[in-house]
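The values are calculated or read from the model by the stated rules, or taken from the named source; none is laboratory data. Worth saying up front: this structure is predicted, and the values here are computed from it rather than measured. Cβ placement follows ideal geometry from the backbone for every residue including glycine, while neighbour counts extend to all protein chains displayed.
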Amino acid sequence: MAEGSRRFTAREAIGLVATGFTELPAPGGTYGPDGPLSWQGYDAARARAAARTGEEESVVCGTATFGTTGAGTAESGRAESGTTDSGTVTAVLVSFEFGFLGGSLGERTGDRLEAAHTYARAHRLPVVSLVATGGSRMQEGMRALVQLQRVARQSALTRAARLPQIAVLRDPTTGGGWATLGAGADVVLALPGAQVGFAGSRVRPPDADPAAYTAEAQLAAGAVDAVVPGHELAGTLARWLRLLGDPSAEPASPPPALGGTELPATGWEAVRQARSPRRPRAQAYLDAYFGHRAAIGGDRCGGTDDGMLCGFGSRARDGRTVAYAAQTGTATRPAGYRTAARLVRLADRLRIPVLTLVDTPGAANDAEAERQGAGAAIADLFTAVAAAETPVTTLLIGEGGSGGALALAAADNTWATPDSYFSVIAPEAAAAILKRGPEEVRSTADQLRIRPQDLVELGVVRGVVGPRPPDRPGRPG
């Protein structure tokens, strides 16, 4: 059995991640004889499940503490809502008991989930769900299925209250539980080897590939942010809760330049510097800017793009949380744009400032990119950045190729490094469009005025950052 795939009880799962737990009072609803459908033997089945598991329902709900004393000292010097100055974080915790009728959702399950979310909103706490469920409860028919609408409503209300939701997918996570509490969370983590998919093992087509219904397959498809071994889960959850619980009205300051400091003399020199294999890429900038960070991955539509790095980090200088979306120098694919839009919208809802790093020759323009909806994905990112109420700061660190780069840039707070350029289109393509020969590419680059200093004069960027750290948020050093 793969690590993490064994079926923890609800209480074992709580003990795996939390340093303290206080169960919430169960709501008062009761069933009539054999439930809403008078399903013969339902009362007896529930009684056997209770005797076997020691639980009265398929979920256990309460408040939990995550982290250890002093664990958050280097990450944040301030205590936010739900965060103590000892480094522990408090959240509402929901843990499924798969041994109770397959962790299925019935009306009384819905009562508990609604009460948990209501408590979270009243006390301004995030919600963590440790999911292990086979779906809706057959013995309650449609009365069970409509609990999915109820759960979705509670999740939407918690989202509207600007409170983060994190899901941990245990084995198995299938059916409506996956399609609401699981896939609908802001951050989705999974245990290795867990069975994850909308279709449970008993209702799939007989020729279905079982490998497609795993945490690892969902990660590859962009539906899961990370597969986390059980021994790392407690620390990972505590880190995520601290990062997502640290709002700020201050914009992120642009990182200092890590490469050359000499401004290019010509447009073509700017292109050569930006394309140099020795120029620092996004990974180096993120490593220098953040003390630690946690990544999100995938567009939730079946795609991933390794050329777009997204997540949240604790700034090395002061421990503040900043969200980031960074291009790595490759042609950005539709999944990358959709992932970045997802990141910006989540940060905006949680009131966390955003840093974007622009570095791409342009959007991927192959046939597959068109089939994956390149235009719509770019438009979605343009809209997410334009509509964001949280401050967005952009640093151009390399190539700024056309709209595929501009979609990630803040309209009024974009900066440039000395070894970067921004162009309406690559000089080679511009020359081709203007029916010029290859010998005119360099002069075309000059005419386009793509050097960092040109961009400042044109009002496209606010300034060129130097090698020293910025003195104030939004100001280069």
Do you know which residues across the range 283-314 are surrounded by 23 or more Cβ atoms within 10 Å (Cβ to Cβ) and more than 29 Å from Gly182 (Cα to Cα)?
-> Tyr285, Tyr289
May I ask you to verify whether Thr360 is of a type in the set (Val, Ile, Thr) and closer than 18 Å to Ala257 by Cβ?
-> no
Every residue from the range 193-234 that is in contact (Cβ under 8 Å) with a residue 60 or more places away in the chain, under 27 Å from Asp305 (Cβ atoms) and out of contact with any strand residue (DSSP E or B) (no Cβ under 6 Å at 6 or more places or on another chain) | Gly193, Ala220, Ala221, Gly222, Ala223, Pro229, Leu233
Note: among Arg338, Arg242, just one is touching a residue at least 60 places away in the same chain (Cβ under 8 Å), surrounded by 23 or more Cβ atoms within 10 Å (Cβ to Cβ), among the charged types (D, E, K, R) and assigned to a helix (DSSP H, G or I), namely Arg242
Looking only at the range 274-293, decide whether some residue is assigned by TED's automatic domain parsing to the domain that holds Ala387, under 26 Å from Gly362 (Cβ atoms), more than 21 Å from the chain's Cα centre (by Cα) and polar (S, T, N, Q).
-> yes
Pick from the range 354-388 the residues that are acidic (Asp, Glu) and surrounded by fewer than 20 Cβ atoms within 10 Å (Cβ to Cβ): which of them is farthest from Tyr421 (Cα to Cα)?
-> Glu368
Would the range 385-396 turn up any residue that is assigned by TED's automatic domain parsing to the domain that holds Ala416, of a type outside the set (Asp, Glu) and at pLDDT below 95?
-> no
Could you look through the range 103-123, keep only residues that are within 24 Å of Asp171 (Cβ to Cβ) and hydroxyl-bearing (Ser, Thr, Tyr), and pick out the one that is surrounded by the fewest Cβ atoms within 10 Å (Cβ to Cβ)?
-> Ser104
Among (1) under 23 Å from Ala374 (Cβ atoms); (2) surrounded by fewer than 20 Cβ atoms within 10 Å (Cβ to Cβ), Ala274 falls short only on (2)
Can you tell me which of Ser253, Ser248 is touching a residue at least 60 places away in the same chain (Cβ under 8 Å), among the polar types (S, T, N, Q), surrounded by 24 or more Cβ atoms within 10 Å (Cβ to Cβ) and part of a loop (DSSP other than H, G, I, E, B)?
-> Ser253
Count of the range 215-228 residues which are closer than 10 Å to Ala190 by Cα and crowded, with 23+ Cβ neighbours inside 10 Å = 4
Say whether the condition of being modelled with pLDDT under 95 and loosely packed, with under 13 Cβ neighbours inside 10 Å is met by at least one residue in the range 59-70.
-> yes
Go through the range 315-325 residue by residue and tally those that are closer than 17 Å to Gln283 by Cβ and either among the hydroxyl-bearing types (Ser, Thr, Tyr) or surrounded by fewer than 24 Cβ atoms within 10 Å (Cβ to Cβ) (or both).
-> 3
Out of all the residues in the range 176-195, is one or more among the polar types (S, T, N, Q), surrounded by fewer than 17 Cβ atoms within 10 Å (Cβ to Cβ) and over 30 Å from Arg349 (Cβ atoms)?
-> no
Does the range 3-13 contain at least one residue that is outside the structural domain of Leu163 (by TED's automatic domain parsing), at pLDDT below 95, surrounded by fewer than 14 Cβ atoms within 10 Å (Cβ to Cβ) and not in a strand (DSSP E or B)?
-> yes
Going through the range 438-462 one residue at a time, which ones are in contact with a strand residue (DSSP E or B) (Cβ under 9 Å, 6 or more places away or on another chain), farther than 17 Å from Ala274 by Cα and not aliphatic (A, V, I, L, M)?
-> Arg462
